[in-house]
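Chemist: Quick one: this structure, given as structure tokens, is what I'll be asking you about.
The values are calculated or read from the model by the stated rules, or taken from the named source; none is laboratory data. The structure presented is a predicted model; accordingly, all values stated were derived computationally and were not measured. Cβ placement follows ideal geometry from the backbone for every residue including glycine, while neighbour counts extend to all protein chains displayed. Just the protein is used for accessible areas: all its heavy atoms, side chains included, with ligands, DNA and RNA removed. Shrake-Rupley method; radii C 1.70, N 1.55, O 1.52, S 1.80 Å.
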Amino acid sequence: MNHPLTLQRWIWPEGYMYLYNHFAQFRRDLVLAADDPKALLHITADKSYKLFINGQYVCRGPARGYQEHWPFDTVPVGHLLRKGHNWISVEAYNPGISTFCYLHLTRAGLLCAPQGKQLEKAWEKSQWQFRRSPAHATQTARLSLQIDFQEHVDMNQDDRSWIRSADAPAGWDGRIFDPQNGMHYLSQPFGTPPYANIEPRGIPLLREWIRGPRRILRAAGGPSAGGWRDTQNVSWHWDTELLAIGENWRDGAQIPHKLLDDGLELTLPPTGAGKFCAVGIDVGDFAAANLIVEADGATGGEVLDFQYDQADAKHLPRSMRPGQGCNAAMSSRLRLAPGDNRHEFYQLLGFQHLTIIARELSAPLTVRLKLRCAGYPFTFNGQFTSSDQELDEIRRACQRTQQLCAWDAYVDTPWREQAQWWGDARVQACNTFHMDGDARLLARGIRSLAGQICPQGLTYGHAPTSSDWCILPDFSLTWVLTIWDYYFQTGDADLFVEQYPAVRRVMDYFRSPATLAANGLLQYDPRFWLFEDWSTLPKETYPCFLNLWYLLTLRHVEKLCRVAGMKGEIAHWKKLADDLRQKILGHFLDRKSGLLRPALDQRGKPTGEPSVHDQTLALMLDLLPDSQMAILDKVLLPFVRGQEIAGAKASAFWSFYTLRELGKLGFAREAIDFIRRGWGPMLPNGTTWEGFDSGLNSGSSTCHAWTSHPAVHFNELLGGIRQAAPAWRQVDFAPVFVSGIDHCDVSIPTPQGMIRSTWRRDGAGIQGELSVPKGVKASIRLPGQKPRTHSGGKFAWKVDQSSGASGE
């Protein structure tokens with residue numbers, strides 16, 4: 001049976017020549033003969049939509065995807081419909097260009113279909129009306145290099161009654177061709193290229209909620225910068241004005257305002273002609289949201305500009321200079337109509353500080369601001385608490401960041417990029433497994449990355465994407481490793497079997513002449529960006545890191561072939577891995593120190609000082625069992641202790657791997673101290689930064705999920721729970737009792753059920769309890785006691801202080 005969407009047509013106002021920064025508006029009025037409580041609406045749009053029913057906001061979508069199999073959403077709407085007149089309003093958007101989140105194929109469209117007896121009957125007797133938004137300016141600046149455009153909206157051209165009012169709009173047209181202005185409208189049957197097919201979203205709709213900003217911080221004023229009326233880039237004009245203000249801000253308490261249950265109301269003073277009044281607002285917790293603006297009693301000449309910043313640096317608004325920070329220009333503009341105005345901006349943006357810049361106010365203006373926040377609907381039923389307030393705050397910051405960076409995909413940051421960077425996604429998935437247990441976002445991302453393969457067989461660093469310079473060979477290997485991660489979390493190898501042809505294409509690239517040198521090692525390919533880490537690792541000639549990462553991937557592909565029953569493939573991958581292992585040891589190992597050198601020079605001679613990354617990978621691969629103490633004493637422990645080392649150090653992102661290896665070896669105190677030093681400075685923001693040195697004055701993200709991995713380390717180090725088998729059917733339990741921490745409580749949601757560890761110091765020592773679901777085997781190692789196993793149920797334990805349980 002065909003899906004209801006296959007019987008509908010793709011529709012869009014105007015033809016493919018006019019899609020640049022295009023906001024489209026759709027309205028369908030229909031009459032239901034009776035209630036239809038189980039009615040569904042199947043809906044999608046290229047690129048995106050926001051759905052309203054009877055004036056009430058419902059949801060946004062779809063998930064990012066590819067036109068060849070474009071994703072759609074199924075939305076329960078029966079509870080929103082009623083007997084009699086109903087109306088469906090859809091606001092849709094297509095940027096007309098490709099971005100770091102979207103590939104444009106010179107088409108746009110809305111596709112919508114009803115399901116439900118009464119809804120289907122009413123649908124047959126109705127039709128769409130649609131138009132291009134007359135209020136949105138087309139020629140506006142990009143929000144950043146990576147995402148869409150600033151929104152400049154003129155309320156004189158559209159009062160949004162087509163969404164709110166029961167009266168159908170007048171003057172709209174639902175025809176394919178309008179003879180009056182010669183305008184063609186797109187109306188294409190299902191299956192018309194590039195829309196070959198559709199696919200279910202595969203993940204839940206976003207959770208959305210409304211909240212208000214927290215407080216007014218300060219205010220300032222002055223003459224508006226020249227050319228502000230017709231500017232395409234609100235941010236750059238504001239930057240000029242911000243420089244003129246300098247530190248001459250006054251206390252924002254002078255601005256009349258009050259907190260509402262779901263918003264902030266403020267009364268802006270008159271500015272006079274050619275002048276502005278700026279008010280800096282603390283949003284509170286970092287938000288991934290779109291702004292809702294209500295303005296009462298406008299004269300019609302006022303302009304409200306909005307600047308969205310990551311943070312409030314040194315108690316002043318923080319703005320990117322033109323040309324900095326990936327050309328981030330996070331702004332929007334609203335021209336008011338006479339009377340009362342209400343507008344909801346469309347794009348989701350990430351920000352923690354908002355500046356409203358009011359221009360041309362001849363009288364006081366009352367404005368209400370609300371935020372419609374959105375994110376993936378995690379349950380976050382995994383928990384961590386301890387007696388250490390700082391660690392608990394770091395854990396909360398990790399969870400908050402994880403939520404802000406999970407939408408229809410794992411995104412690196414809700415700020416300037418919103419891209420599905422796959423090195424980031426691997427860390428985010430591990431966080432998810434420890435805090436929530438949901439594997440669907442990772443599975444969708446794996447398929448998404450496989451949907452865009454370059455001619456050499458590599459995946460892109462993020463996808464879908466317009467950026468051909470974002471092809472990272474090491475991230476392609478990471479993509480393969482995440483298929484293992486998915487299997488290890490779920491116990492399901494079907495995704496590997498499905499993706500095996502793409503896995504082969506990726507792995508075959510590393511056997512091509514451009515990559516595989518005569519000495520049997522991988523060499524730098526200058527056509528692509530070898531990322532490795534934000535560090536001083538050598539990336540040319542023969543990088544040790546690339547060879548180690550490739551070896552790690554070979555080992556996991558071999559394991560996956562075994563569990564998938566692909567017996568004919570196992571020997572191939574095993575031989576490649578065994579041969580490469582010998583090549584690595586023969587070329588990179590410094591026999592005197594027992595450490596790996598980071599590169600070979602043009603003559604094939606080892607060069608450079610041993611790096612944190614290569615020694616960490618040696619532990620992950622069990623490559624140098626006789627050098628474990630040298631690796632720890634000479635490189636890894638000095639690094640986490642904050643001591644200087646000669647070789648490359650791991651970034652806040654890549655330290656994820658180093659801290660996990662140190663945890664396995666029992667160095668919990670060193671790992672916890674490292675986390676305190678690195679993540680403690682992030683706490684005032686309530687989110688984790690892109691890097692240790694991001695701070696408030698750099699061009700880096702102050703909400704970046706690839707650094708939210710302490711949530712995992714706390715579970716493994718202090719909770720003592722470490723996954724040891726696919727689908728969590730076996731765990732290793734070995735808590736380390738760090739001095740100064742008196743109690744800890746950890747719960748991890750797994751496919752088998754909740755695993756919980758709790759312990760507390762008392763006068764005689766430490767006592768605790770481990771609880772595992774039926775069918776889960778726990779290998780238990782406690783200080784001063786013999787190893788033992790426990791299966792299903794609760795296990796109470798106690799250790800004496802004299803057993804060395806202090807973690808010192």
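Chemist: Treating segment 1-91 as a set of equal point scatterers at the Cα positions, no solvent, please give the Debye-formula log₁₀ I(q)/I(0) at q = 0.14, 0.22 Å⁻¹.
Modeler: Values returned for q = 0.14, 0.22 Å⁻¹ are -0.57, -1.28.
Chemist: Still on this structure: Please compute the modelled spin-label separation between E609 and H69, points set 7 Å along Cα→Cβ, answer in nm with one decimal.
Modeler: 4.9
Chemist: A 27 angstrom limit on the alpha carbon distance is what I want to check against. Which of K634/K664; K574/K786; K664/K777; K539/K634 exceed it?
Modeler: K574/K786
Chemist: So what is the orientation-averaged projected area of the chain, using the convex hull of its C-alpha atoms, in nm²?
Modeler: The orientation-averaged projected area of the Cα hull of the chain comes to 37.7 nm².
Chemist: What accessible area, in Å² to the nearest ten, does a 1.4 Å probe give for S512?
Modeler: Answer for S512: close to 30 Å² accessible.
Chemist: Given a 1.4 Å probe and every protein chain left where it sits, what share in percent of the accessible area of the chain is carbon and sulfur?
Modeler: Carbon-and-sulfur percentage of accessible area, whole number: 49.
Chemist: Ok, one more. Based on alpha-carbon centroids, what's the gap between segment 332-384 and segment 734-806 in Å, whole number please?
Modeler: 47
Chemist: From the helices alone, meaning DSSP H stretches of at least four residues, give me the mean residue ellipticity at 222 nm for the chain, per-run term -39500 (n - 2.57), in deg cm²/dmol to the nearest 500.
Modeler: -7000 deg cm²/dmol
Chemist: Taking 0.36 nm per intervening residue step and subtracting the Cα-Cα distance, what contour gain separates E294 from T267 on full extension?
Modeler: Difference between extended and current length: 8.6 nm.
Chemist: Accessible area per residue, 1.4 Å probe, Å², for segment 432-558: what's the number?
Modeler: Per-residue accessible area for segment 432-558 comes out at 30 Å².
Chemist: Of all the C-alpha pairs in segment 78-223, what % are more than 22 Å from each other?
Modeler: Value for segment 78-223 (Cα pairs over 22 Å): 62 percent.
Chemist: Helix by helix through the chain, keep the DSSP H runs that span 30 Å or more along the axis on Cα and average at least -1.0 on Kyte-Doolittle, and give those back in order.
Modeler: Once both thresholds are applied, what remains is 567-588.
Chemist: Rank by packing, highest mean first: peptides 356-369, 255-268, with packing defined as the count of other Cβ atoms within 10 Å averaged across residues.
Modeler: Output ranking for 356-369, 255-268: 356-369, 255-268.
Chemist: Sort out for me the Cα centre separation of segment 632-686 from segment 419-440, rounded to whole Å.
Modeler: Their Cα centres are 21 Å away from one another.
Chemist: Under a no-solvent Debye model with one identical scatterer per Cα of segment 455-507, what's log10 I(q)/I(0) at q = 0.26 Å⁻¹?
Modeler: Once normalised to I(0) and log-transformed, intensities are -1.02.
Chemist: Relative to the compact-globule scaling 2.2 N^0.38 Å, provide the ratio for the alpha-carbon radius of gyration of segment 654-808.
Modeler: 1.13
Chemist: Figure the gain on full extension for A168 and T240 (residue separation times 0.36 nm, minus the Cα-Cα span) and round it to one decimal in nm.
Modeler: In short, 21.5 nm is gained.
Chemist: For the chain, what relative contact order do you get, as a whole percent, if you take Cα pairs closer than 8 Å and at least 6 residues apart?
Modeler: Relative contact order, the chain: 11 percent.
Chemist: Can you tell me the length gained on complete extension of the stretch E540 to D800, counting 0.36 nm per residue apart and subtracting the Cα distance?
Modeler: That pair, E540 and D800, stretches by 88.3 nm at full extension.
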